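Engineer: Could you have a look at this structure, given as structure tokens, before my questions?
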Amino acid sequence: MERIIDIHIQRLPEGLYLATSESVQGLVAQGRTLNETLEIARDVAKKLIEAQETEGIEKKWKQIGNSFHYPLVVGI
């Protein structure tokens, strides 16, 4: 099942990107590019959510409906 979580992306002074989330406790991901950071964040979020569900921690996640907003980042 797919879920929507909110993440915050910050560009660090070193040029790296850092992703964190208030929606998924413990989610921290860092990468050299925005795409790499998002891929890592997705993997970390999946593992954290699975671990929380295994421990019986219930959370109301946003379900993906028939339409939703998605910010598309395009480098030019």
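The numbers here are math on the coordinates, done by the rules we state, and not lab data. These figures come from a predicted structure and were not determined experimentally. Here the Cβ positions follow ideal geometry from the backbone for every residue, glycine too, while neighbour counts run over all protein chains shown.
Engineer: For region 12-32, does any single residue satisfy the condition of being of a type in the set (K, R) and over 12 Å from the mean Cα position of the chain (by Cα)?
Structural biologist: Going through region 12-32, the residues of a type in the set (K, R) turn out to be 32.
Adding the requirement that they be over 12 Å from the mean Cα position of the chain (by Cα) leaves 32.
Looking through region 12-32, at least one residue is of a type in the set (K, R) and over 12 Å from the mean Cα position of the chain (by Cα).
Engineer: Ok, one more. Filter region 8-50 for residues that are in contact with a Leu (Cβ under 7 Å, 6 or more places away or on another chain), under 17 Å from W61 (Cα atoms) and aliphatic (A, V, I, L, M) and give the result.
Structural biologist: V24, L27, A41, V44, A45, L48
Engineer: Could you go through region 62-70 and let me know if any residue there is of a type outside the set (D, E) and either surrounded by 11 or more Cβ atoms within 10 Å (Cβ to Cβ) or in contact with a Pro (Cβ under 9 Å, 6 or more places away or on another chain) (or both).
Structural biologist: Yes.
Engineer: Quick one: count up the residues across region 27-76 that are within 21 Å of L12 (Cα to Cα), without any contact (Cβ under 8 Å) to a residue 24 or more places away in the chain and among the hydroxyl-bearing types (S, T, Y).
Structural biologist: 1
Engineer: Here is a further query. Determine whether region 7-30 contains at least one residue that is part of a helix (DSSP H, G or I) and out of contact with any Lys or Arg (no Cβ under 6 Å at 6 or more places or on another chain). Let's see the steps before the verdict.
Structural biologist: First pass over region 7-30, keeping only residues part of a helix (DSSP H, G or I): none.
No, the conditions are met nowhere in region 7-30.
Engineer: Also, quick follow-up: Provide a single number: the residues in region 9-26 that are touching a residue at least 12 places away in the same chain (Cβ under 8 Å) and surrounded by 11 or more Cβ atoms within 10 Å (Cβ to Cβ).
Structural biologist: Here the count works out to 10.
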